[in-house]
Amino acid sequence: DMPGHAQAAVAAYPEEVGVPGQRTQVGVDWGVNPYLFNTSERSLSFITNVLDEVLTLFPSAYIHIGGDEAVKDQWEASPAVRAQMRKLGVKDAHAMQGWFNEQLAAYLTQHGRRMIGWDEILEGGVPASASVMSWRGTEGAVTAARQGHDVVLAPGDWLYLDNLQTTRSDEPNG
């Protein structure tokens, strides 16, 4: 998941992918965390190396980058990220995620693949080649379709296969 849900990667490789000045441990709790991939060339190089592995393992036309629940506090507080935003002419952290996604989409396109991301990617601008998977309801799907993007509508908390499906005490964990 990029740029958010990156706590494990940031904990393992803080200098390569972490926002400067941010350190963490591997998370043990479920849910949203504040750790983002850095937007630096070094971080993007790391990410494209990971994508190379993903492309080898999964020959599908689409590669899902996530893009949801990216808490942007670290980018907003980072002098290095703010300086990069000024240099790029990026107005805010949402637009910075749009720029970040453009880098990923361009890389995937160079390798004959298409980026797909959760509907939150709409908040910062979506690469023209990207598809949008709307998990929070129909609004994101309608917005993406109106912008000319291919859309997958996927709202449904009951689709979390790691959740218990009944209240029975003998049901195995998901």
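Considering only residues that are of a type in the set (S, T, N, Q) and not in a loop (DSSP other than H, G, I, E, B), which ones fall in the range 45-85?
Listed by number, the residues that qualify are 45, 48, 49, 56, 74, 84.
Quick one: what pairs do we get from the range 62-82, first residue over 17 Å from residue 140 (Cα atoms), second part of a helix (DSSP H, G or I) and among the aromatic types (Phe, Trp, Tyr), C-beta under 8 Å, 6+ apart or different chains?
Correct list of pairs: 81/75; 82/75.
Could you please give the count of residues in the range 1-15 that are closer than 19 Å to residue 79 by Cβ and outside any loop (DSSP other than H, G, I, E, B)?
3
When you look at residue 144, is it within 17 Å of the chain's Cα centre (by Cα), closer than 25 Å to residue 92 by Cβ and surrounded by fewer than 14 Cβ atoms within 10 Å (Cβ to Cβ), yes or no? Break it down stepwise before answering.
Details: within 17 Å of the chain's Cα centre (by Cα): yes; closer than 25 Å to residue 92 by Cβ: yes; surrounded by fewer than 14 Cβ atoms within 10 Å (Cβ to Cβ): no.
When the stated conditions are applied, residue 144 does not pass them.
Within the range 65-93, restricting attention to residues that are more than 23 Å from residue 24 (Cβ to Cβ) and not small (Gly, Ala, Ser), which residue is surrounded by the fewest Cβ atoms within 10 Å (Cβ to Cβ)?
Start the filter on the range 65-93 by keeping residues that are more than 23 Å from residue 24 (Cβ to Cβ), which leaves 86-92.
Checking which are not small (Gly, Ala, Ser) leaves us with 86-88, 90-92.
Working: 86: 10, 87: 8, 88: 12, 90: 21, 91: 12, 92: 14.
That would be 87.
Suppose we filter the range 16-44 for residues that are surrounded by fewer than 16 Cβ atoms within 10 Å (Cβ to Cβ) and assigned to a helix (DSSP H, G or I); how many remain?
2
Can you tell me which residue in the range 28-52 is farthest from residue 78 (Cα to Cα), limited to those that are among the small types (Gly, Ala, Ser) and modelled with pLDDT of 95 or more?
The selected residue is 45.
The values are calculated or read from the model by the stated rules, or taken from the named source; none is laboratory data. Just so it is clear, the model here is predicted, and its values are computed rather than measured. Don't worry about glycine lacking a Cβ; one is built from the backbone with ideal geometry, like all the others, and counts go over all protein chains shown.
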